[in-house]
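Asks: Questions regarding the structure given below will be posed in turn.
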Amino acid sequence: MKAFVSIDIEGLPGISSTTMLGPRLSQFQLGSKIMTIIAKETAEKLLKLGFERVIVADSHGAMTNINYLDMPEGTTLIQGYPRPYSMLAGLDKETDAAFFIGYHAAAGTKHGVLDHTMSGRSFAMIKVNGDKASEYLLNALYAGEYGVPVVLVAGDEAFREEVKKYTPWAVFVPFKKGYSRYAGGFDSLPEVLARLRKGLEKAYETLEKNEAKPLILSKPYKVEVIVRDSLIADVAEQLPFITRKDAYTLEFTVDNGIDLVGIIEVLAMMSYGVSCMRERLN
């Protein structure tokens, strides 16, 4: 059996400040250490439960946050960015189950700690079939196209109800409670790790009982992307599959979750190019 683990940082315990999120920032070493501990604990537990191989996808920022030297035998660590399909690189039809760790609330969520969707600098909100979507939902739809169920989600309490709505079979493990975008409360790391291990056990039982399902919503997927800068929309509207609704809103339709994630990722990279272009023009 093969497990796929996507680990983000904003939904992890102990993370509340942007100073922890990138290698040039003052508290990044702490953020990296927390992320590595969680990754190691998750991989070790999944191997003990019976998975023969655990794929760990480092899924934040430049995606070089986890210390490779701490990963246990039996794991494959995927790092680096850009890469195809970003947080899902390494997930394929041979994967038996997906685990989303350290995930956070969608952009525009009240008291969601460090809330954003795919690219905080690019997107104010993303909607799928009219509903606000988080990275959890987008990535679950991608996994669904390969027949892979999401069996556990761990992260910010603020998006628990979204997980319950779309994948009620998935175990939700709370890592933190938000008090504002930049303030959260978290139990001690030993308590959080114990909770995570129990959640992984329960998720494995769900998988064994065939209670977990790949997530597929009503197709085609109608996607609405609200960008933060109208210049992004000025550039993106030239794509033949994009309809521009207003200064900030782009719309497109796709037939599957793979194209859904792929297009959003390309729009995010395009938006970064627009930011660089703006700096040059000024």
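Each value in this text was obtained by applying a stated rule to the coordinates, not by laboratory testing. Because the structure is a prediction, the values reported are computed rather than measured. Glycine also receives a Cβ, built like all others from the backbone with ideal geometry; neighbour counts cover every protein chain displayed.
Asks: Hey, how many Å between the Cα centroid of the range 171-202 and the Cα centroid of the range 206-282?
Replies: Cα centroid to Cα centroid, the span is 30 Å.
Asks: Separate question: Lys164: which lysines have alpha carbons under 16 Å from its alpha carbon, excluding same-chain residues fewer than 8 sequence positions away?
Replies: Lys132, Lys202, Lys213
Asks: Can you tell me the order of 139-151, 180-192, 77-89 when each peptide is scored by its average per-residue count of other Cβ atoms within 10 angstrom, highest first?
Replies: Packing proxy ranking, top to bottom: 139-151, 77-89, 180-192.
Asks: Rounded to a whole number, what is D in µm²/s for the chain from Stokes-Einstein with the Kirkwood radius over alpha-carbon pairs (25 °C, 0.890 mPa s)? Spell out each step's value before the answer.
Replies: Values: Rh = 18.9 Å.
The Stokes-Einstein estimate is 130 µm²/s.
Asks: Taking all pairs of distinct Cα atoms, average 1/r, flip it, and tell me the Kirkwood hydrodynamic radius of the range 221-281 in Å to one decimal place. Before the final figure, lay out each step's value.
Replies: Numbers: mean 1/r = 0.0845 Å⁻¹.
Every distinct Cα pair counted, the radius reaches 11.8 Å.
Asks: Please say if the range 121-232 is rounded, prolate or oblate, where rounded means a/c under 1.5 for a ≥ b ≥ c the square roots of the C-alpha gyration tensor eigenvalues, and otherwise the choice is prolate for a/b larger than b/c and oblate otherwise?
Replies: Details: a/c = 2.89, a/b = 1.20, b/c = 2.41.
Judged from the Cα gyration tensor, the range 121-232 comes out oblate (a/c at least 1.5, b/c at or above a/b).
Asks: Using the charge dipole of the range 72-217 (Lys, Arg: +1 at Cβ; Asp, Glu: -1 at Cβ; taken about the Cα centre), state which of Tyr142, Leu91, Phe159 has its Cα farthest towards the positive end.
Replies: Phe159
Asks: Can you run phi through the Karplus equation (6.51, -1.76, 1.60; θ = phi - 60°) for the range 268-282 and list ³J(HN,Hα) in whole Hz, with x for Gly and Pro?
Replies: Whole-Hz 3J(HN,Hα) from phi for the range 268-282: 5, 5, 4, 5, 5, x, 4, 4, 5, 5, 4, 4, 5, 5, 8.
Asks: Still on this structure, please answer the following. I want to verify a result. In a Gaussian network model of the chain, Cα cutoff 10 Å, which of these has the top mean-square fluctuation: Gly31, Gly11, Gly120?
Replies: Gly120
Asks: For His111, His104, His116, which order do you get if you count the other beta carbons within 10 Å of each Cβ and list the fewest first?
Replies: On the way: His111 16, His104 28, His116 22.
The fewest-first ordering by Cβ neighbours comes to His111, His116, His104.
Asks: Between Ala62 and Ser218, with labels modelled 7 Å along Cα→Cβ, what's the label distance in nm to one decimal, could you check?
Replies: In this crude label model, Ala62 to Ser218 measures out at 4.4 nm.
Asks: Right, here's the next one. Listed highest first by mean packing, meaning other Cβ atoms within 10 Å per residue, what order do 238-248, 33-43, 268-278 come in?
Replies: Values: 238-248: 12.3, 33-43: 21.8, 268-278: 15.3.
Descending packing order for the listed peptides: 33-43, 268-278, 238-248.
Asks: Build a GNM of the chain with springs between Cα atoms under 10 Å: which of Val223, Val173, Val266 gets the top mean-square fluctuation?
Replies: It is Val266.
Asks: Nearest 5 is fine: what % of DSSP beta bridges in the chain come out antiparallel, could you say?
Replies: Values: 18 of 43 bridges.
Close to 40 percent.
Asks: Can I ask one more? What is the local net charge at Arg160, summed over the other residues whose Cβ is closer than 13 Å to its Cβ (Lys, Arg +1; Asp, Glu -1)? Walk me through the numbers on the way to the answer.
Replies: Numbers: positive: Lys164, Lys165, Lys176, Lys177; negative: Asp156, Glu157, Glu161, Glu162.
For residues surrounding Arg160, the net value is 0.
Asks: Would you kindly derive the ³J(HN,Hα) couplings of the range 102-107 from the backbone phi angles with the Karplus curve 6.51 cos²θ - 1.76 cosθ + 1.60 (θ = phi - 60°), listing them in order in whole Hz, with x for Gly and Pro?
Replies: With the stated coefficients, the range 102-107 comes to x, 7, 10, 6, 5, 3 Hz.
Asks: Mind checking the angle between helix 28-49 and the chain's longest principal axis? C-alpha axes, 0 to 90 degrees, to the nearest 10.
Replies: 50
Asks: Let me ask something else. Determine the sum of side-chain charges near His104: Lys and Arg each +1, Asp and Glu each -1, restricted to other residues whose C-beta is under 10 angstrom from that of His104.
Replies: Around His104, the surrounding residues sum to -4.
Asks: Based on the Cβ-Cβ distance from Thr253 to Arg195, what FRET efficiency comes out when R0 is 41 Å, to the nearest 0.05?
Replies: Working: r = 40 Å, r/R0 = 0.97.
Once the sixth-power term is evaluated, E becomes 0.55.
Asks: Would you look at the GNM of the chain, springs on alpha carbons closer than 10 Å, and say which of Ser230, Ser122, Ser218 moves the most?
Replies: Result for the chain, Cα springs under 10 Å: Ser218 fluctuates most.
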